[in-house]
Structures are given as structure tokens and as C-alpha cells.
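The block underneath contains the structure these notes are about, expressed in C-alpha cells.
The values are calculated or read from the model by the stated rules, or taken from the named source; none is laboratory data. As the structure is a computational prediction, the values presented were derived from the model and not from experiment. Reconstructed Cβ throughout: ideal geometry from the backbone, glycine too, with neighbour counts over all protein chains shown.
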């Protein structure tokens, strides 16, 4: 009887969804083109606009380079705690809108798709294949309550699966609620996230190589602060994986 009721509820939901789709057909959140039956939130045409970065890149920021044996001009002026960063795509208008939908419109499936795309890029990069743990950049607990989820966790999940590495979102915590980095200068960004992160379980980080996952790297202040905390907590190496970076501002 319970199974029959459950089946009827499922059929009712399906019919209701079909009626809604007929009356209010789903459209792409980016270009407003009507979505095909297998498309959700963003159409394949818009997904196809994402420009994947291939070839040599700067180890410090992920920007395309002629050779990847040394840092770009900007990164050569900086000191960093992480060894290497891999970026999937430049932060253009398409990527910006997708990430905004992920972070602020609860479109978590977009994070899974971006994570899968980033995972493919990482699998073809020998410098990121020897990690022991995948760790998403954490949100402060108050912001996590407000948003309901950490977008970096949804990026990290498919990466951990494809690299066959555990994803641990309980090892690195944000102990200080910081201001949004969006409108801050590079110097203010560094100060804003200074001492904002801490390793919660040093015994599970000590001696490990960690992959840190974030959505967007702008100046690198956040991933630098996270990397420093991981190394102070006992990690022996940190590499960074991110969906996008606005290279023109670095």
C-alpha cells in the first residue's frame, strides 16, 4: 500500500512538472533559449562558450603561457605558499553568470558540472595527480547557514571522484567572518583574510599533499591564506584548482 501511494505521488509530481513545463517552458538562464528535454538551467550552447585553458600555464595564477617552467611577470613578484594552481577558464561573462547562479540562486547542479569539467583538466595535468586529499575553500559557519551550502564543496565532489581522492570539508575551517573580497583592493584582500583559516584536525592533514578547490581566484589572497593555514597545520604540499580567474586583473 505504501509503495502504491509513493508511486502515485511520483506520478503526480511528474505530471505536475510536465504541465508546468508546458505552460511555463524552461528557458536557459543565460540566453533565454528554450531548453531541450535533457538540458537543465543552462543550455548546451552556453556551456560550449566556456573557453578551456590548455597548454602551458603560469604555476602561480594559471594564466596561459608560452612555457610553464616559470611564473608570469606578475607572479614572479609575489611569494606564495601553494606550489601550483590550475584554472579551468578565464572569468568572462558566461562563466560569471554561471557561478552567480551557483552561489546565489541555489543552482547546485551547475557546481557539479563545473567540477566535472575541472576534473578533466586536472586529470591531464601531471602536477596535480599526486595529492592525498581534496579540500574545498570553506565558508564561515554564519555564511554557510545563510546560503545553505558551500559552492566549493560541489566543485570538489566530482574532482575527488575522478581523481579517486577523498573530499574533506571538515579539515579546514574559516574562523573569522570576513568582508566580501569583491570591492577590496589587493592589499585590503590580503588583510581581510589574514588568519581567517585554521586546520581543525592537524593529525589528518599532517604529512599529506592537499588539493585546495575554489570557484574564482582574483588576486589569490584567499587561496594563499588557506594554503598557509594548511601548511602550518602539517600539510607538506598544496596545489590549487579553480574554475576561473580574471587574468587581466592579475
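Listed here are the helices (runs of 4 or more DSSP H) enclosed by segment 147-250 that have at least 3 residues being modelled with pLDDT of 95 or more and in the same structural domain as residue 54 (by TED's automatic domain parsing): 151-163, 202-205, 221-232. If you go through segment 146-162 and keep only what is more than 13 Å from the chain's Cα centre (by Cα) and either within 15 Å of residue 100 (Cβ to Cβ) or crowded, with 19+ Cβ neighbours inside 10 Å (or both), you end up with just 147. Could you tell me whether segment 133-140 includes any residue that is surrounded by fewer than 20 Cβ atoms within 10 Å (Cβ to Cβ), in the same structural domain as residue 229 (by TED's automatic domain parsing) and more than 19 Å from residue 224 (Cα to Cα)? Checked against the condition, which is being surrounded by fewer than 20 Cβ atoms within 10 Å (Cβ to Cβ), in the same structural domain as residue 229 (by TED's automatic domain parsing) and more than 19 Å from residue 224 (Cα to Cα), segment 133-140 yields no hits at all. There is no residue in segment 95-102 that is buried (at least 17 other Cβ atoms within 10 Å of the Cβ), assigned to a loop (DSSP other than H, G, I, E, B), touching a helix residue (DSSP H, G or I) at 6+ places or on another chain (Cβ under 7 Å) and touching a residue at least 60 places away in the same chain (Cβ under 8 Å).
Is it true that some residue in segment 73-90 is farther than 24 Å from residue 227 by Cα and either surrounded by 15 or more Cβ atoms within 10 Å (Cβ to Cβ) or out of contact with any helix residue (DSSP H, G or I) (no Cβ under 7 Å at 6 or more places or on another chain) (or both)? Checking segment 73-90: not a single residue is farther than 24 Å from residue 227 by Cα and either surrounded by 15 or more Cβ atoms within 10 Å (Cβ to Cβ) or out of contact with any helix residue (DSSP H, G or I) (no Cβ under 7 Å at 6 or more places or on another chain) (or both).
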